[in-house]
1. What pairs from LYS64/LYS269; LYS170/LYS221; LYS87/LYS386; LYS386/LYS436; LYS95/LYS309; LYS87/LYS371 go past 18 Å between their alpha carbons?
2. How far apart, in nanometres, would the label points at PHE473 and PHE498 be if each is projected 7 angstrom from Cα along the Cα-to-Cβ direction?
3. For labels at ASN348 and ILE38 in the simple 7 Å Cα→Cβ model, what's the distance in nm?
4. Using helices alone, I'd like the mean residue ellipticity at 222 nm for the chain: each DSSP H run of four-plus residues gives -39500 (n - 2.57), total over residue count, nearest 500.
5. Which one, ILE462, ALA220, ILE411, is farthest towards the positive end of the dipole of the chain when Lys and Arg carry +1 and Asp and Glu -1 on their Cβ?
6. Taking 8 Å as the Cα distance limit and 6 or more residues as the minimum spacing, I'd like the relative contact order of the chain as a percentage.
7. For a test of the definition: using alpha carbon positions, the gyration tensor, and the 1.5 limit on a/c, classify the stretch 371-516 as rounded, prolate or oblate.
8. Enumerate the amide H contacts of TYR352 below 5 Å, restricted to partners 5 or more residues apart or on another chain; note that Pro and chain-start residues carry no placed amide H.
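The values are calculated or read from the model by the stated rules, or taken from the named source; none is laboratory data. Just so we're clear, the structure is a prediction, and the values are computed from it rather than from any experiment. Reconstructed Cβ throughout: ideal geometry from the backbone, glycine too, with neighbour counts over all protein chains shown. Side chains are part of the model used for accessible areas, which takes the heavy atoms of the whole protein and leaves out ligands, DNA and RNA. Shrake-Rupley method; radii C 1.70, N 1.55, O 1.52, S 1.80 Å.
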Amino acid sequence: MLHQTIFAIAYEGDELSNKDSRIKNNLISSLVYQVVLISLSFLLPRLYLENFGSEVNGVLSTIKQIFVYMVLLEAGVGLATTQALYKRIGERDFKSANEVLSATNSYYIKTGIIYLAIVLVIAALYAYVIPTSIDSHVVFLIIILTALPALFSYFVQAKYRILMEVDGRKYVINNSETILQLASNIGKILVLLLTDSLILIQLTYCIMSIIQLAFLYFYAKRRYTWLDLNAKPDFEAISQKNSVLVHQLSGMVFNNTDVILISLLCDFKAVSIYAIYNIFFSQVQNFITSIVSSFTFALGQMFHTDREKFDRLFSMYETFYIMTTCIIYTLMAVFLLPLIQIYTRGINDAEYSNVFLVLLFVLMNLISNSKIPANSIIEYSGDFEKTRSYAIWEMVINITVSIAAIMYMGICGAIVGTIAALLYRGIVTIFYSNTKILRRNQMCTYKILISNGAVFAVIMAIFFVDTFSNVSFLKLLLNGIVHSLWIVPLYLLVNFIFNKSAFKTLFELYRRNKKA
């Protein structure tokens, strides 16, 4: 229903039918991909814990997070290119689009060379300097194999992926990712069960990833026959890439610093505990993000082509996004701890049941999601340079508070530092997006946050994160279904009372779409 309102308000005639199809395909492919990803993501960590123990799982999780940081090398130009292409693709100005992509391609080639050099340094450092229980040569090869797909992407494929996302063809990427996850994870499991070879496990994923990237490259070459990377590069169009990089760096610090700091200030078993909790929360957040990204290309284009329609649609989107994420994380707060206890049953080399850690993860994700709609306004408008200081201060707060808190609280301290940074960033982002870009009172956003926050507080007063601790999976499932039947309607009722305009807009657009 939500996606119908988006294309109903935004497009007409043949263009409506075209983008209607892409949004539907994006939504369906996102759902399928996330179901597959979530199903497989929980299997391998459990097998790692059973076969290698918590320390090895912690080492592998740390290596994975390091390479998430490495994405920063292209993050600035990636988002700057996306923002520059929204208007050009929306207006079908292919000449200008070619100039932007030509500049992006030039940057990616230079970045690929830098990436290769950094990978070699990191591989040598983690293999031969930082002590682990894994053989040094094995660690070195694992890092190299992990890096190869990204290296291929920098030199060959990345700019095509950006173009496909801006053009609303995320479903092609999602479908290829679904096949990649199925094939690579099945391959990893077979290797793990047959040989216990960490090198072969990573080699399997490396080969499958390069095949998937090659497919996207050839698809884009065939689809966008107008594309000419030899066009005169328009470096001015992506001139904000450095300011964008600061924003992306801030987001990366929020998402990944915890693991790095825990590995340095605690130990790899502590990393394993954090990683197991993070699997549940990251998969849920990835699911939410993938659904939203199915139609953000339409919002991004609409921001530049019809602001009146965009403003109406955004107000509705903001309400339903915040409400939905609050529902999801409320249910996680109540029912996640017993699920983790079931998942880690029989693993005794680390303590995985932590009530306080669950609550902190929930609060962190609630605060993070509260600013996402407002942050998207900054991305659409391209005001990266004007808000760069916000990102810098967020990073400073996150790292300094996290280090101090980890010293006294261990794993939980890392999340406390992230929450402190998120509170600052959320306040300034909501203020800037509402007052400087949307030209409206920031209480429009805070009314949504306060009403949903009140519902969360009431439910937490009734339950706590350990209410259903140590129950069987069947009993947990039944309780989850029963209590969802009143928790979800309660959120809907409160939002209908305090944010009625969003529901009114939704119903009006739905009726208009039905008549059309």
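1. Working: LYS64/LYS269 15 Å; LYS170/LYS221 16 Å; LYS87/LYS386 20 Å; LYS386/LYS436 11 Å; LYS95/LYS309 27 Å; LYS87/LYS371 24 Å.
Over 18 Å apart, Cα to Cα: LYS87/LYS386; LYS95/LYS309; LYS87/LYS371.
2. 3.7
3. Result: 3.3 nm between the two label points.
4. On the way: 21 runs with 425 residues, N = 516.
The per-residue figure over the chain is -28500 deg cm²/dmol.
5. ALA220
6. Values: 627 pairs, mean separation 113.3, N = 516.
Relative contact order for the chain comes out at 22 percent.
7. Details: a/c = 2.44, a/b = 1.02, b/c = 2.40.
Verdict is oblate for the stretch 371-516.
8. none
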